[in-house]
Amino acid sequence: MMEDDPLFYWRLSDHVSVEDAAILIAGGDPSAVDEVYFEGVDSLQREEVKRTDGHPGFVATFTGLKTAVRLGRLKAVLEYRVYNGFQSDRKEPYWALPQRWLTDPSKFEFDFVDDGRDSVFLAKEPDWSRTMLDVRDLKVWLQERGIKTGFFFPASQADEDDFMDPSHDHFAPELAMAVAAWRALSQTQKLRQSPKAAIDGWITSNPSVWQGEGEISASAKERIATVANWNRSGGANPTGG
């Protein structure tokens, strides 16, 4: 399992940062980095930075998680960045702060705190790379939104489709055909005939799905339709589905 799942070890943590959670939900690897080049003093410099919005789906997922935390719908242990510095007459920070705040004081998003000895700036926006979520709470939040697959919902051994693999030592053609027919018809809301008849018709219309030896026999079709039939009372479903 470990060799087939590069994200396996990320499942060892029972808490995960909001940033990493968004990456994992989007199907990415939090350890992935991108190369960024910038002008240095004498030459072009290269730096590796953590990949975030480079993961497809990250932005939407990250936005949803942050909103849920802000509104109290998803519990989190908040962490904030604190910067040391001092103030000028215009109350602008002079060092250890992102340059973008220096260029436009109107967008200053830090609270100034003076404890009588040092002046520090406390970020109003949580540090999402350090703000932690309990994986159990996160899974409940995801399930409430209809997300039940992906990184946080790995398939258990019982859920794996080994029984659909013709190369498996215990492959049973009739079982595989019954499951395929059930899955194909389970999304159909209205059937014009009984479920058993619909299953029989699907089997007839999809001969390529059959993985047994030779053509499927009438007796095999009967057994498959009986096993996959979800309406044992006979006739069409009362709801028409």
**OP:** Test Leu133 against the stated conditions and say whether it is surrounded by 11 or more Cβ atoms within 10 Å (Cβ to Cβ), part of a strand (DSSP E or B) and modelled with pLDDT of 55 or more.
**Re:** yes
Original post:
Restricting attention to the range 14-39, which residues are exposed (fewer than 12 other Cβ atoms within 10 Å of the Cβ) and either part of a helix (DSSP H, G or I) or in contact with a helix residue (DSSP H, G or I) (Cβ under 7 Å, 6 or more places away or on another chain) (or both)?
Top reply: Asp14
Subject >> Condition broken by Arg90, with the remaining ones in (1) in a loop (DSSP other than H, G, I, E, B); (2) surrounded by 13 or more Cβ atoms within 10 Å (Cβ to Cβ); (3) at pLDDT below 90 satisfied >> reply: (2)
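The values are calculated or read from the model by the stated rules, or taken from the named source; none is laboratory data. Note that the coordinates shown come from a computational prediction; the quantities given were computed from them, not determined experimentally. Don't worry about glycine lacking a Cβ; one is built from the backbone with ideal geometry, like all the others, and counts go over all protein chains shown.
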